[in-house]
Amino acid sequence: MINFLILPILIPLITGVLLIFAAKHVMLQRWVAGLSAVLTVIVSVSLVQKVKTDGIQTLNLSNWDAPFGITLVSDMVSALLVLTTSVIVLACVIYSFRGIDENREKFYYYSAVNFLMVGVNGAFTTGDIFNLFVFFEVMLMSSYVLIVIGGTKIQLRESIKYLLVNVISSALFVIAVAYLYSVVGTLNMAHISARLSEISEMGQPGIITVIAVLFLIVFGLKGAIFPLFFWLPGSYYAPPAPVLALFGALLTKVGVYSIARTYTLFFYEDGGFIQQLLTILAVTTIIIGVIGAIAYWDIKKIVIYNIIVAVGAILFGISVMTPDSLTGSIFYLIHDMNIKASLFLLVGIVAAITGTSNLRKISGLIKRYPGLGWTFFIAALALSGIPPLSGFVGKLLIIKGGFESEHYWGAGIVLMSSLLVLFSIMKIFINGFWGTPRAYEGADKIPVKSMMTAPVILVAIAVFYGVGSEFVYPYISQAAETLANPSIYIEAVLKEY
Amino acid sequence: MEILMSVVVGILFMSATYLMLSKSLLRIIVGTAILSHGAHLLILTMGGLKKGAAPLLGESGPYTDPLPQALILTAIVIAFGVTAFFLVLAYRAYQELGTDNMDKLRGTEGND
């Protein structure tokens, strides 16, 4: 089936459109959204298998040949990320059945989630730089809806800032594409890569460095790297837990994926300035994120700052650009999407039970909710990379790559950061779950057991992903191979090159 | 011609930046609209300005690159959509929060 790789984009798109017409029938919406999410997961699993056996899949839309039309490319990196996205969306949809109020569900919540999935899956799959911009906008448009849906004061206030930051970064994206188009005269990413390496043979002109930095600013704003993360803690604080989980798990990772894609495909020949810049920014991101994570006494804020730490660690692996570190980055990227979603859902349950996310007002939860406590404990261990859970292998490979290419400082900071991340997350555990139990108003009405389904699934995946890393490794290393050798990607897209 | 266009784009970016740095929400929205217009003109300029030819490859004679127009069309539609959303959001926020001054829209939840 040649059209196979477009299905993870098409299924949520059709579902999203259909759900608009069923907006007031909550049960119907839940069923349709759940079923389509399950279907997407099944399709993406078979897509991963297909890529594993038959190599990179490409689809030229409307049969326009590769450099001229829009091409969808599904290599191992994007297939795996599409799979992870589908799983996370499924988990968040299941959680939303109980975890979000009916008013929001009636106001096109499930449609917006599905459109968000269209944008994210599309951004992972597309092989055309302008099409990437379009899918970014699809994703951002639905994220604007999701962040403001419900219309509480804090949501309205924070969504204005979120919207403004993203509008500016979109304009910068258009500008960067314009410059790139004037230099290479093409939009197909494989073709751009081929043209850029032709140009680089005659010596790297300054304009390519300018374009690279512009792309770094654009994707860095989305992915929240060091000087550009300022909007994230405020904006992500506002929406309810399942939306927060979707944002924390997916949106920043699209930015990180785009940096990985453009920097391994376009700007890999310039070993000097660009790579150094990325390394420095990645390490600074880790440091700032860790400081934020240990400074706050609010559960949501602590986990939000942990997003920034993870982005830094992944980007460090990408900037080092050895095969080992790239493998580690992809491993860690998938791990992090999964574990962040589960952590945010768990934090959402804690906030629902206690009615606050301030750590000073919470204690002794594990006495009344042992299941919640232990799931949180496993998720926390996985997050900070305790073997044999899922964070460990990725971080090990990133650090190994860092030491091999003599980035001792960076690798050391990644290593140190795990310890501090563990500290920050254990602070939640010690203060929130241990101690004397308190009585919380209205806690009995919260259906904790049924809300636990989604995070338990995600944590189980995290455990499997770590313990069964022998089984997962071939897929990841195939993905890293495409990133390390852009010629594989170029040959798969432009057949004659 | 390209030089003139570049100057126009520069002026648009300049005014957009000025407007976006102000406190009033409405001026900020106008600023983002102008910023996206500048970006669209930049695509057109960067694609190379040509006139008097059809966008048909294969015929003898010169041809024009149709791609920048296609890109701008897409980008304009997106910018319109976002601006419309932004205006509605600003109005709703004004109703709910009672101010359109960005200085008064600061928040410190969870920052203790």
- Within chain B, which DSSP H helices have Cα atoms that stretch 18 Å or more along the helix axis and a mean Kyte-Doolittle hydropathy of at least 1.6? B:2-20, B:25-46
- Task: With a 1.4 Å probe and all protein chains in place, put A:GLU158, B:GLU96 in order of accessible area, largest first.
- Result: B:GLU96, A:GLU158
- Message: So if I place +1 on the C-beta of Lys and Arg and -1 on the C-beta of Asp and Glu, and nothing else carries charge, what would the dipole magnitude of segment A:150-267 be about its Cα centre? I want it in debye, nearest 20.
- Response: 400
- Item | Proximal aspartates and glutamates to B:LYS23, defined as alpha-carbon separation beneath 12 angstrom and excluding residues fewer than eight positions away on the same chain | B:ASP100, B:ASP103
- So what is the relative contact order for segment A:74-138, in percent, with contacts set as C-alpha pairs under 8 Å and at least six apart? 42
- segment A:169-268, Kirkwood Rh and Cα Rg, ratio Rg/Rh at 1.06
- Computed [θ] at 222 nm, deg cm²/dmol, chain A (DSSP H ≥ 4; -39,500 (n - 2.57); rounded to nearest 500): -25000 deg cm²/dmol
- Query: What is the magnitude of the charge dipole of chain A about its Cα centre, with +1 placed on the Cβ of each Lys and Arg, -1 on the Cβ of each Asp and Glu, and no other charges, expressed in debye to the nearest 20?
  - Reply: 2140
- Message: Angle check, please: helix A:323-354 long axis (alpha carbons) against the longest principal axis of chain A (alpha carbons), in degrees 0 to 90, nearest 10.
- Response: 30
- Give me the log10 of I(q) over I(0) for segment A:1-157 at q = 0.10 Å⁻¹, as the Debye formula computes it from C-alpha points; what are the numbers? -0.37
- Message: Number of Lys pairs in segment A:281-407 with C-alpha atoms less than 24 angstrom apart, excluding same-chain neighbours closer than eight positions?
- Response: 10
- FRET efficiency for A:THR152 and A:GLU201, using Cβ-Cβ distance with R0 set to 56 Å, rounded to 0.05: 0.50
- Query: In whole percent, what relative contact order does chain A give with Cα contacts below 8 Å and a gap of six or more residues?
  - Reply: 17
- A versus B: buried accessible surface, summed, Å² (probe 1.4 Å, to nearest 100): 3300
- Item | Most positive-pole-ward Cα, A:SER450, A:PRO474, A:ALA484, against dipole of segment A:413-497 from beta carbon charges | A:SER450
- Message: Over segment A:367-417, what portion of Cα pair distances is larger than 16 Å, expressed as a whole percent?
- Response: 50
- Excluding residues fewer than 8 places away in the same chain, name every one of the lysines whose C-alpha is closer than 18 Å to that of A:LYS24. A:LYS106
- Item | Surface accessible to a 1.4 Å probe, per residue, for the residues of the protein assembly as shown, Å² | 39
- Note on the structure: For A:LYS106 the rounded accessible area (nearest 10 Å², probe 1.4 Å, non-protein molecules ignored) is 70
- Note on the structure: Counting only protein heavy atoms and leaving out ligands, DNA and RNA, the solvent-accessible surface of A:HIS191 at a 1.4 Å probe, in Å² to the nearest 10, equals 20
- Note on segment A:23-69: alpha-carbon gyration tensor, axes a ≥ b ≥ c; rule is a/c under 1.5 for rounded, else prolate if a/b larger than b/c, else oblate; result oblate
- Message: Based on Cα coordinates alone, diagonalise the gyration tensor for segment A:244-364, multiply each eigenvalue by 5, take square roots, and list the semi-axes in whole Å, largest first.
- Response: 32, 14, 10
- What residues have an amide H closer than 5 Å to that of A:ASP298, excluding those fewer than 5 places away on the same chain, when H is modeled at 1.01 Å from N in the peptide plane? A:LEU359
- Dipole magnitude of chain B about its Cα centre, charges +1 at Lys/Arg Cβ and -1 at Asp/Glu Cβ only, in debye to the nearest 20? 240
- With all protein chains present and a 1.4 Å probe, how do A:PHE247, A:PHE229, A:PHE273 order by accessible area, largest first? A:PHE273, A:PHE229, A:PHE247
- Note on the structure: Accessible-area loss of at least 40 Å² (1.4 Å probe, chain alone to full protein assembly) applies in segment A:138-159 to A:MET141, A:LYS153, A:LEU156, A:ARG157
- Item | Sequence-separation-based contact order of chain B, relative, with Cα cut under 8 Å and 6+ spacing, percent | 26
- Task: May I ask for the Rg/Rh ratio of chain A, computed from Cα atoms with Rh as the Kirkwood radius, given to two decimals?
- Result: 0.95
- So for A:PHE392, A:PHE219, what's the accessible-area order with a 1.4 Å probe, most first? A:PHE392, A:PHE219
- Message: Using only the alpha-carbon atoms, how far is helix A:7-21 inclined from the longest principal axis of chain A? Give it as 0 to 90 degrees, nearest 10.
- Response: 50
- Query: Roughly speaking, to the nearest percent, how much of chain A's 1.4 Å accessible area is carbon and sulfur?
  - Reply: 68
- Query: On average, how much area does the Cα convex hull of chain B cover when viewed from any direction, in nm²?
  - Reply: 9.9
- Query: Taking the Cα atoms only, what angle lies between the long axis of helix A:252-265 and the longest principal axis of chain A, rounded to 10 degrees?
  - Reply: 20
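The values are calculated or read from the model by the stated rules, or taken from the named source; none is laboratory data. Note that the coordinates shown come from a computational prediction; the quantities given were computed from them, not determined experimentally. Positions of Cβ are generated from backbone atoms using ideal geometry, with glycine treated the same way; all protein chains shown enter the neighbour counts. Ligands, DNA and RNA are stripped out before the accessible areas are found, and what is left, the full protein with its side chains, is counted by its heavy atoms. Shrake-Rupley method; radii C 1.70, N 1.55, O 1.52, S 1.80 Å.
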